[in-house]
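Novice: First the structure, which I've put down as structure tokens, then a few questions once you've had a look.
The values are calculated or read from the model by the stated rules, or taken from the named source; none is laboratory data. Here the structure is a predicted model, which is why all the values come from computation and not from measurement. Using ideal geometry, Cβ is built from the backbone for each residue, glycine included, and neighbour counts are taken over all protein chains shown. Only protein heavy atoms, including side chains, enter the accessible area calculation; ligands, DNA and RNA are left aside. Shrake-Rupley method; radii C 1.70, N 1.55, O 1.52, S 1.80 Å.
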Amino acid sequence: QVQLIESGGGLVQTGGSLKLSCATSGRTFSINDMGWFRQAPGKEREFVAGINWHVGSKYYADSVKGRFTVSRDNAKATMYLQMNNLKPEDTAVYYCAARRTGGEIANVRSYDYWGQGTQVTVSS
């Protein structure tokens, strides 16, 4: 089992920045990829960004490219999401996730472990 704990959410004005963290514990050696997803009220959970835990390859949804940066610190077993130039449409609950296999990194069903989520609210 792998445990994931997100932190860093909050309320910010349009154009502001937030940095989310996702701390991992447990059988972290089994992790292949990690991702950030978000879910706004009444909408499906959507992919935001992902990173290969070993090689460090990074992937982004078109809606956040150039504004968000995903990174990881293997020594701390932690993944981060730096979010800049935030917009009201970025408002959602943000979840981190981990999976043991590969494939399409944006596929929400391919992830084995999920955090509890952290709220990000961007005011206009």
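Novice: Could you check how much of the accessible area of region 1-119 is carbon and sulfur, as a whole percent, using a 1.4 Å probe?
Specialist: Solvent-exposed carbon and sulfur of region 1-119 make up 47 percent of the total.
Novice: Calculate how large, on average over all directions, the projected area of the Cα convex hull of region 68-124 is; give the answer in nm² to one decimal. Present the calculation step by step, with values, prior to reporting the outcome.
Specialist: Details: hull surface 19.5 nm².
Computed as one quarter of the Cα hull surface, the answer is 4.9 nm².
Novice: Now, a different point. Using a 1.4 Å probe, what is the accessible area per residue for region 7-82, in Å²? All intermediate terms of the calculation are to be shown ahead of the outcome.
Specialist: Working: 3880 Å² over 76 residues.
With the other protein chains kept in place, region 7-82 gives 51 Å² per residue.
Novice: Let me ask you something else. So, in nm, how far is label residue 44 from label residue 19 when the simple model puts each one 7 Å beyond its Cα toward the Cβ?
Specialist: For residue 44 paired with residue 19, the spin-label model returns 3.4 nm.
Novice: Oh, and also: Could you work out the pair-distance distribution P(r) of region 22-71 from its alpha-carbon pairs, with 10 angstrom bin width and percents rounded to whole numbers?
Specialist: In order of increasing distance, the bins hold 23, 47, 26, 4 percent.
Novice: Now a separate question. Let me check against my output: what whole-number percent is the relative contact order of the chain, with C-alpha pairs under 8 Å and at least 6 apart? Display every interim value, and only then the final one.
Specialist: Values: 313 pairs, mean separation 44.6, N = 124.
Relative contact order of the chain: 36 percent.
Novice: Roughly how far apart, in whole Å, are the Cα centres of region 88-103 and region 44-82?
Specialist: Spelled out, the Cα-based centre of one part sits 9 Å from the other.
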